[in-house]
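So the structure is just underneath, and the comments pick up after that.
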Amino acid sequence: MPKLTFISSSGDRHEIAASNGASVMECAVEHGIEGIVAECGGSMSCGTCHIYLDQEAYERLGIPATAENDLLDFVNAPRRPTSRLSCQIKVDEHLDGAVISVPQSQY
Amino acid sequence: MTSTTILSKIPAGCPMHQAGERFQPFEHKGMTDFYASVRPEVPIFYAPSIDCWVVTRREDALAVLRDHERFSASNATAPIVPWPEEMHQFLRDQHFTNESVQVACDPPRHTRGRNAAMTFLNMKKFQNYEADVRALARSYINEISNSGKDIVDLVESFTYEYPAKVAFLLLGEKQLDARKLKQWADLRIKLIFGTLTHEQQMEAARDLADFWHFASALVEQRKKKPGDDYPSALLAARAGDDSILTENEVKSLVFGLLLAAHETTTNAAGNLLFELLKRPITWQAIVEDQSLIPNAVEEGLRYATSTIAWRRRAKVDVEIAGVQLPRGSQILLSLTSANRDEKQFADGEIFDIGRSNARSHIAFGNGIHHCLGAPLARMELRILLEELTTAFPKMRLEDEESISFLPTLSFRGPDRLPVRLNR
């Protein structure tokens, strides 16, 4: 199972073993990671599961789809070059070791 | 299969049958008690009077809302009492060409509407309206203060119009008649979710046509002179390309906003104030500490959900909570019941503004149809409470027994909220 490390806005680190095939958002919610609200449940309708990936993981995943890219313009916390919506990232071995920073606020 | 046959197939002694017989879909009084009594044993039951399978638990409601592949939203706003042909003909004659673009349609059609709407209806954009919304709230406070009355109806003097005026901000029109819009919207709600007679339907149709002409005219104006507003943003997203969005779809989206942007917020505001004012200690708590307000808003949305139930239709044979339903079955998701489900909310029947997971309610739906206006509604409700607690901290509910709720299938809100201001 790929290991993911979440870093909260106050610097707390949580390492989780994520399930292949699930989304990063689903794994975060399942493991009680705070700050991933995901109000719409993963349908790219709310923009409240925003995260910052580490540069390397971001590049491994490739650029987000147009709809996700558009919605990232409207999220609450500042958009950064490695911003993603965690509901749109499927967990697989490529993501092993990814470091995911959670913004201070989703709304 | 007819509705009577479906019910006759469920054994009369079984709790599911009894729930179906006891359920009164249009009666708000006693509704939460009814759901609390059936939810532990009956996750789903058939309601013959509306030909719907009613889902009572949160996890099942969420599963349906998130599964747009198997559950269609096409019946979400279908009239409970079918419109007569005479009415359809009248609307055709009036060039009423409204079409389902968002709330009552499925992908890929839904996706085009949402992508365009989202360019304007989003958190970032709404934040720009905070000062205007607060100014609006204060204008109602000032009117109440200047009236010299000690007893006022908060629905009449504040929450009825306030969200409609916010909708006008989004439309870029400040000088519109909020009462007219509210009357149109009330009629439209009754036409869809109520039980009108033929005469009432025909009368309402005339207003519906007016309502549509108003939305169409607004879009036509913005074509000539665009502004920083919702119709202009839709036209910009369309960029003259019917493959992105047609002009009629733009008009339909604006027509939709004229209802969606205020009706449920008026109800949510009334419900929230009603629950808070019924509990003077809780009201006092938010007066003394306004930082409690955002979570109080969430608890209000959870406990006194204004969109009480929402419909879906099975696109294929499905199973919900162990019950097999054939393709075409209509499903009524009780958001009211889901939002009090003890599996998610400990002591869900208790109104607790300190509840840590209050925000996990599904008052704004879930999945691809999750309400785009949710951040705006939350802002309006927060500002409403901030301003009222500041202006009238000693306010108390008066004549609670006189408050009633309009009998519709999907919406709930008090018709009046008389309060003594105690200035």
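The values are calculated or read from the model by the stated rules, or taken from the named source; none is laboratory data. Quick caveat, the model's predicted, so the values are computed rather than measured. Using ideal geometry, Cβ is built from the backbone for each residue, glycine included, and neighbour counts are taken over all protein chains shown. Each accessible area value is taken on the protein alone, full model and side chains, heavy atoms only, with ligands, DNA and RNA left out. Shrake-Rupley method; radii C 1.70, N 1.55, O 1.52, S 1.80 Å.
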Rounded to 5, percent antiparallel among DSSP beta bridges of the protein assembly as shown: 80
Reachable lysines from B:Lys251, criterion Cα separation under 26 angstrom, eight or more residues apart if same chain: B:Lys124, B:Lys125, B:Lys165, B:Lys174, B:Lys180, B:Lys182, B:Lys190, B:Lys223, B:Lys224, B:Lys225
At R0 = 30 Å the Cβ-Cβ FRET efficiency linking A:Glu30 and A:Arg80, nearest 0.05, sits at 0.75
Cα-centred dipole magnitude for the protein assembly as shown, charges only on beta-carbon of K, R (+1) and D, E (-1), debye, nearest 20: 460
For B:Glu398, which sequence-distant residues (separation of 5 or more, or a different chain) have an amide H within less than 5 Å of its own amide H, given hydrogens modelled in the peptide plane? B:Val419, B:Arg420
Once A:Ala17 and A:Ala65 are pulled to full extension, the length gained, defined as 0.36 nm per residue separation minus their Cα-Cα distance, is 14.7 nm
When only the heavy atoms of the protein chains count and the probe is 1.4 Å, how do B:Ser243, B:Ser139 rank by accessible area, highest first? B:Ser243, B:Ser139
Cα to Cα, under 30 Å, and not fewer than 8 places away if on the same chain: which lysines meet these conditions relative to B:Lys9? B:Lys29, B:Lys315, B:Lys343
How much of the calculated P(r) for region A:3-101 lies past 19 Å, in percent of all Cα pairs? 33
With a 1.4 Å probe and all protein chains in place, put B:Glu275, B:Glu319 in order of accessible area, largest first. B:Glu319, B:Glu275
How much of the accessible area of chain B, in percent, comes from carbon and sulfur atoms when a 1.4 Å probe is used? 51
Helix hunt in chain B: which complete DSSP H runs extend at least 18 Å axially by C-alpha with mean Kyte-Doolittle at least -1.0? B:130-147, B:178-193, B:198-224, B:247-260, B:263-277, B:374-391
C-alpha center-to-center spacing [region B:199-217, region B:267-332] in angstrom: 30
Amide H to amide H, which residues 5 or more places from B:Tyr46 or on other chains are under 5 Å from it, using H placed in the peptide plane? B:Gly20, B:Val54
Could you calculate the FRET efficiency of B:Asp210 with B:Gln175 from 1/(1 + (r/R0)^6), where r is the beta carbon distance between them and R0 is 25 Å, rounded to 0.05? 0.90
With the alpha-carbon atoms as the only input, what is the per residue convex hull volume for chain B in Å³? 143
For B:Cys14, what accessible surface area do you get with a 1.4 Å probe? Give it in Å², rounded to 10. 40
If you average the sequence gap of Cα pairs under 8 Å that are 6 or more apart and divide by the length of chain A, what percent do you get for the contact order? 42
In terms of modelled amide H atoms, which long-range or inter-chain residues lie less than 5 Å from the amide H of B:Ser329? B:Ala314
Considering every residue in B:119-125, what mean count of other chain Cβ atoms within 10 Å of its Cβ is obtained? 4
Computed helical MRE - 222 nm, chain B, DSSP H runs ≥ 4 contributing -39500 (n - 2.57), nearest 500: -15000 deg cm²/dmol
With x for Gly and Pro, the residue-by-residue ³J(HN,Hα) of region A:82-99, computed from phi through the Karplus equation 6.51 cos²θ - 1.76 cosθ + 1.60 at θ = phi - 60° and given in whole Hz, is 10, 5, 9, 8, 5, 6, 9, 10, 7, 7, 8, 4, 4, 8, 4, x, 5, 10
What's the magnitude of the charge dipole for chain B around its Cα centre, counting Lys and Arg as +1 and Asp and Glu as -1 at the beta-carbon? Answer in Debye, nearest 20. 720
Given Cβ charges of +1 for Lys and Arg and -1 for Asp and Glu, the option among B:Thr56, A:His94, B:Tyr230 whose Cα lies farthest towards the positive end of the dipole of the protein assembly as shown is B:Tyr230
Scaled by the rule-of-thumb 2.2 N^0.38 Å, the alpha carbon Rg for region B:216-320 gives a ratio of 1.58
Summed for both chains, how many Å² of accessible area, to the nearest 100, are buried between A and B with a 1.4 Å probe? 1400
Along the Cα→Cβ direction, 7 angstrom out, place labels at B:Arg138 and B:Thr195. What is the inter-label distance in nm? 4.7
Given bins 20 angstrom wide, list per bin the percent of all Cα-Cα distances in the protein assembly as shown, short to long. 21, 55, 23, 0
Which of B:Lys225, B:Lys125, B:Lys394 moves most in a GNM of chain B, Cα contacts under 10 Å? B:Lys225
